[in-house]
Amino acid sequence: MPVTIQVFRTAKNTTDRLTEKAPLTFQTLEPDLPSVLVDAGHRFQTIEGFGGSFTEAAADTFYKLSPDGRAEILRAYFDTQSGNGYSLCRTHINSCDFSLGNYAYAEMPGDVELSAFSIEHDRRQLIPMIKETARLTGQPLKILASPWSPPAWMKTNGQMNHGGKLKPEYREAWARYYARYVEEYEKEGLPIWGLSVQNEPQAVQTWDSCIYTGEEERDFVRDYLGPVLEKAGLLGRVKLLIWDHNRDLLYERAKVVYDDPQAARYVWGAAFHWYVGDNFENVRLTHDAYPDKQLLFTEGCVEGGPHFDGWEVGERYGQSMLNDLNNWTVGWVDWNMLLDQRGGPNHKGNYCSAPLMADVGKGTIYYHSSYYYIGQISRFVRPGAQRIISASTLDELESTAFINVDGSIAVVVLNRTDNLLPFALRCDGLAAPAESPAHSISTYRFQAD
C-alpha cells in the first residue's frame, strides 16, 4: 500500500498558517529534482520538549484578558491537538526584566538562614498561570527555573540590577536558596524539572543581573550548589544546567566546568541563548567534546519590539530551531509566552516581541509568524522523539527530521529564499515530488515502515 505523506505549511503572502495541504505519496519513480533524503536507520538525541516562558509580564498580561481570552492563549500553546503542544517551559527565580519591579523571596539583609523566605509574590499571578496551564494539560509540565539575580543584600553592588557579583560569604546561603525554591514550588504542586545556575552570567544589564566568570560558576557548582542539591535529595530528579547565555562562548564556558570532574558530576548540561551571532557550530562542538552532557536552548526573542507583521521574526525562529536541533539540542524554549501591545510590561523598558501578544484594552490577541514557525516543529516533533538523518542537496532547503515514539516521522523543510523550490522527499528508495514555496516552512509527516 502506498505511503501517504501529510503536509502542513506556513507561508508568507498566503493564508497558510499551519495549514494542512494536499497529501503526497511516495513513488518508485526517482524524480530528477533536488532532494531531501530521510534515513531513520541512524538516530541521535532524544527530545525533551518545546515551550515558552512563564514570566510575571506574561502572567500580568494574561490576567488582564477575559476568561475566554485566557483559555485561547493556553489552548494555542499547550493543547496537543489544536495547539503547539508545549511541554517544557521556563520561569524566573526572583524578578527578571519582565517583572513589574525588582523582588526577591528573602529580602531581609543578612538572613542567611532564609527564615523569612517566601514565594508569596509569585502566588499573585505567576503561580496561578502555571497552575491553570497544568490543569489544561492534565499532567505536570517540565519547568526550568533560572535566577537573574540573588537578593540585593547578597551582592557586591548592593542591588539586583546593574550586574555585581555574589559575595563569597553568601555562596552557601544562595545555594540553599535554590533548594528552598524547589521545595516551596513542590508544595504548590509544581515540581521543578531543572535549574540553571544564572541567567546570562556575562551580561551587566540595567535590569536584574549577576556576573560569574567561568571559574566562579564552576567553583559555585562544585563547592556549594551541587552539594546542597545532593544533600537535599534533589540532584538527579532536578537537572542542573550551566551557562544559560549566548552560543558564542558556549564551548568555552562549558569546558571550564566539564574539565573539572568534581564540578561536572553535578551538571546535566548547558543552556544557551541566541542574542549575538548564530555560532551554531559551537553547539555541535560542545556536544562533540562532551557527548555525555545535554544541550538546551532556553531563551530567544526579537528585541526592540513589538514587531507586528514581521515575517523575518518567524524565519529567525525557524532557522534557529532547525540548526540547534541538527547540532544536538534536546529542547527549545522561547522567551515570554505573552506580552502586551507595547512588548511589555518590563520594569526597565526592555520591550520585545512574543509569538502571542495582546492588546489588553481591546482584548485582542495577535498571532505572530513566530507562533506558526514554532508550531511547525513542536506540534509534530513530540517529547521522546529521536533525530534522524535529513540530508538536503540544496543549501536553500534547510531541513531536520525526527521519528516519534509512535513511529511517525516528521520532516521539517525551511525555505528562506524568494523562490519556489521544487524537490523530492526521499526515503527507503522511494520519492515524493514536493514544492517548498518562497519564505515558507513545511512539515511532512508519515508513518515509518
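The values are calculated or read from the model by the stated rules, or taken from the named source; none is laboratory data. Quick caveat, the model's predicted, so the values are computed rather than measured. No Cβ is skipped: glycine too gets one built from the backbone with ideal geometry, and neighbour counts run over all protein chains shown.
Brief remarks follow.
- Apart from one condition, Tyr86 fits all of (1) part of a loop (DSSP other than H, G, I, E, B); (2) free of Cβ contacts under 8 Å to residues at least 12 places away in the same chain; the exception is (2).
- In the range 300-343, the qualifying residues are those that are acidic (Asp, Glu) and surrounded by fewer than 24 Cβ atoms within 10 Å (Cβ to Cβ), and the one that is nearest to Val381 (Cα to Cα) is Glu315.
- Taken over the range 252-278, the criterion of being over 17 Å from the mean Cα position of the chain (by Cα) and either assigned to a loop (DSSP other than H, G, I, E, B) or surrounded by 23 or more Cβ atoms within 10 Å (Cβ to Cβ) (or both) is satisfied by Arg253, Ala254, Val257, Asp259, Asp260, Arg265, Tyr266, Val267, Gly277.
- Here the range 279-299 is the region considered, the condition is being of a type in the set (A, V, I, L, M) and surrounded by fewer than 21 Cβ atoms within 10 Å (Cβ to Cβ), and the residue that is farthest from Met337 (Cα to Cα) is Ala289.
- Of everything in the range 358-378 that is part of a strand (DSSP E or B) and free of Cβ contacts under 8 Å to residues at least 24 places away in the same chain, the residue that is surrounded by the fewest Cβ atoms within 10 Å (Cβ to Cβ) is Thr364.
- Looking only at the range 424-449, residues that are in a loop (DSSP other than H, G, I, E, B) and over 12 Å from Val3 (Cα atoms) come to 4 in all.
- Scanning the range 181-219 for residues that are of a type in the set (Phe, Trp, Tyr) and under 24 Å from Lys142 (Cβ atoms) yields Tyr181, Tyr185, Trp193.
- Test: residue in the range 209-219 that is under 25 Å from Trp328 (Cα atoms), in a loop (DSSP other than H, G, I, E, B) and not charged (D, E, K, R): no
- Note on the range 89-119: residues that are more than 20 Å from Lys64 (Cα to Cα) and outside any loop (DSSP other than H, G, I, E, B) amount to 4.
- Residue list for the range 15-71, restricted to those being within 26 Å of the chain's Cα centre (by Cα) and basic (Lys, Arg): Arg17, Arg43, Lys64, Arg70
- Candidate set: the range 182-207, residues that are of a type in the set (Ser, Thr, Tyr) and surrounded by 18 or more Cβ atoms within 10 Å (Cβ to Cβ); chosen: the one nearest to Trp335 (Cα to Cα): Ser196
- Residue in the range 343-359 that is at pLDDT 95 or above and within 30 Å of Ala391 (Cβ to Cβ) present: yes
- No other residue among Asp340, Asp260, Asp292 is over 24 Å from Gly226 (Cβ atoms) and of a type in the set (Asp, Glu) apart from Asp340.
- Members of the range 137-181 found to be surrounded by fewer than 20 Cβ atoms within 10 Å (Cβ to Cβ), β-branched (Val, Ile, Thr) and under 28 Å from the mean Cα position of the chain (by Cα), listed by number: Thr137
- Whenever a residue of the range 191-202 is within 21 Å of Asp223 (Cα to Cα) and in contact (Cβ under 8 Å) with a residue 60 or more places away in the chain, its partners that are of a type outside the set (Gly, Ala, Ser) and in a loop (DSSP other than H, G, I, E, B), lying with C-beta atoms within less than 6 angstrom and at least six residues away or across chains, give the pairs Asn199/Trp148.
- Figure legend. Inter-residue proximity from the range 322-333: first residues assigned by TED's automatic domain parsing to the domain that holds Glu281 and within 15 Å of Ile388 (Cβ to Cβ), second residues in a strand (DSSP E or B) and charged (D, E, K, R), beta-carbon distance below 9 Å, spacing 6+ or different chains. Indicated pairs: Leu322/Glu398; Leu325/Arg387; Asn326/Arg387; Asn326/Glu398; Trp328/Arg387.
- The condition of being of a type outside the set (A, V, I, L, M, F, W, C), at negative phi and not assigned by TED's automatic domain parsing to the domain that holds Arg416 holds for only one of Asp60, Asp39, that being Asp60.
- Count of residues meeting criterion [touching a residue at least 60 places away in the same chain (Cβ under 8 Å) and not polar (S, T, N, Q)] in the range 296-320: 9
- The set of residues in the range 312-357 that are assigned to a loop (DSSP other than H, G, I, E, B), of a type outside the set (D, E, K, R) and under 18 Å from Ser99 (Cα atoms) comprises Met337, Gln341, Gly343, Gly344, Pro345, Asn346, His347, Gly349, Asn350, Tyr351, Ser353, Ala354.
- Only one entry in Tyr373, Tyr444 is closer than 30 Å to Ser66 by Cα and at pLDDT 95 or above, namely Tyr373.
Residues are listed down the side, and each one gets a yes or a no for (1) touching a Lys or Arg at 6+ places or on another chain (Cβ under 6 Å); (2) within 19 Å of Leu397 (Cβ to Cβ); (3) among the small types (Gly, Ala, Ser):
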residue: Lys21; (1), (2), (3): yes, yes, no
residue: Thr28; (1), (2), (3): no, no, no
residue: Val38; (1), (2), (3): no, yes, no
residue: Arg43; (1), (2), (3): no, no, no
residue: Gly52; (1), (2), (3): no, no, yes
residue: Thr61; (1), (2), (3): no, no, no
